[in-house]
Amino acid sequence: MPLQAQETNQLEQLKKQLQEMQQNFERTQREQQRQIEALKKQIEEFQKPPPGPATAPPPSAPSGTAAASSAAAKPWSPSDPIPLLGGQRSYLNLSFDGLFTAGTSTAKEIEGLTTGGHDPKQRGFTVQNLETTLEGKVDPYFRGLAALIMQIDREGESFLEVEEAYLESMALPANLQVRAGQFFTEFGRQNQFHPHSWDFVDQPLVMGRFLGGDGLRSAGARVSWLTPTPFYSELYLTIQNSHGETAHSFRNENEGEPFLGRPSEPGSVRNLDDMLFVPRYVASFNLTDSQTLVAGASGAFGPNGTGGNTELFGVDLFWKWKSPRHHAGFPFVAWQTEAMLRRFKAGAFAEDADGDGVNELDLSGERLTDYGLYSQMLYGFRKGWIAGLRGDYVFPDRKGEYESIAGPDPDRASRWRLSPNLTWYPSEFSKLRLQYNYDRRNTMGDDHSVWLQFEFLLGAHAAHKF
């Protein structure tokens, strides 16, 4: 009987212990359920559009989310992206850049002295470029950019132009990227940069002569491949329309004037042979911890407006040294050079100007070869201050058949230029640049020019390539 009483007592204790554990379990379950419901409510609050500047964050939000909401409520700055539709991934960088020049030159016709469409073209003041840029992510797969520019000519007339407007992929496999729209062609190094990011007031002579005053750009598509090498290495292939003012050495109407001695017709796209093909390869190497070398090679192949075809070849080098003890990127030394070759196969042309049945001008087909290069050195000797020196040289292989009849062609004449300058950046949003040009043109003599350039930037502008 005592043993039976002891067993009964132990059984009651076990039942009581089981009951307590069940109650604790139910209590813990209810508490966890309340926490789950609270977290769901917080998640719902966070998925709502962010509060306005005068709205406080939800009281139940944890400290990290409260900080994010506080940052969202902070007043917008002109250098910040513009949020769209309340999302953090949808944004738009909006910027405006104004580029102006004041100066003078000893040249009688300054327009004949310059080769770039954004170069100073008159004594006094020149509005070189007024650029509005819109850039941002479209969705997780694409980003877009549009650059709209306005210029004011010598007569004070304003004109608007779409410089670039393209869509670019962000999530393709195998390190591939596709770009489509209107854009600067990846030929050489400087052609891809807008005028406000140039290191000198004007465009190098060889670029103006071979690629045109506004650079080589057109509507088309480009695919690039980041190759799996231990150093940066990328291959590009661009296919674009070969006609228009910005396809200067190809099917360019040349404003109705003869081009290299012959009338040039823009034509239209009938098949793949009427397109412009531009391959490019670029590689970058870290020579030391403070030195970087970037090398590239480019080609451009397409028809021209005289009935023949044009071949462009280019090589470019960029080297930069930055002090291991630099402050904000200064001091530094940068050297950049590009060399180009153009082979222009001109078609045959005959003209009977007076209608007597005899051709006053009878030109056979010929291949015209021209060369050009520039080399420049920049020295950032203290924060915001950069001294630069550039040398340009362009020259033909030989005179063309048409030049023996019509005389020397200024678009092929030998010439060179030397340009020292000094640039001051008061901040990342403004620039002042003083530049002197010494020009020597064959049969035209010497000319001296002095230009003072000033620039200001409003808003957030996308970074340019290194």
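The values are calculated or read from the model by the stated rules, or taken from the named source; none is laboratory data. Keep in mind it's a predicted model, so treat the numbers as computed, not measured. Cβ atoms come from the backbone with ideal geometry, glycine included; neighbour counts cover every protein chain shown.
Structural remarks
- A count restricted to the range 330-346 and to residues that are among the hydrophobic types (A, V, I, L, M, F, W, C) and under 19 Å from Leu363 (Cβ atoms) stands at 2.
- The number of residues in the range 428-451 that are buried (at least 19 other Cβ atoms within 10 Å of the Cβ) and either at positive phi or small (Gly, Ala, Ser) (or both) comes to 1.
- Residue within the range 416-427 that is modelled with pLDDT under 95, more than 19 Å from Gln190 (Cα to Cα) and surrounded by 16 or more Cβ atoms within 10 Å (Cβ to Cβ) present: no
- The range 406-452, residues that are closer than 22 Å to Lys108 by Cα and either under 21 Å from the mean Cα position of the chain (by Cα) or β-branched (Val, Ile, Thr) (or both): Thr443, Val450
- Restricted to the range 154-191, and to residues there that are of a type in the set (S, T, N, Q), touching a Phe, Trp or Tyr at 6+ places or on another chain (Cβ under 7 Å) and surrounded by fewer than 18 Cβ atoms within 10 Å (Cβ to Cβ), the residue that is nearest to Thr246 (Cα to Cα) is Ser169.
Here is a yes/no grid of residues against (1) over 15 Å from Gly117 (Cβ atoms); (2) of a type outside the set (Asp, Glu); (3) not in a strand (DSSP E or B):
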{"position": "Pro140", "(1), (2), (3)": "yes, yes, yes"}
{"position": "Gly144", "(1), (2), (3)": "yes, yes, no"}
{"position": "Met150", "(1), (2), (3)": "no, yes, no"}
{"position": "Glu155", "(1), (2), (3)": "yes, no, yes"}
{"position": "Ala165", "(1), (2), (3)": "yes, yes, no"}
{"position": "Leu172", "(1), (2), (3)": "yes, yes, yes"}
{"position": "Val178", "(1), (2), (3)": "yes, yes, no"}
{"position": "Phe183", "(1), (2), (3)": "yes, yes, no"}
{"position": "Gly188", "(1), (2), (3)": "yes, yes, yes"}
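- Restricting the range 135-153 to residues that are in contact (Cβ under 8 Å) with a residue 40 or more places away in the chain and closer than 20 Å to Asp214 by Cα, the residue that is surrounded by the fewest Cβ atoms within 10 Å (Cβ to Cβ): Leu145
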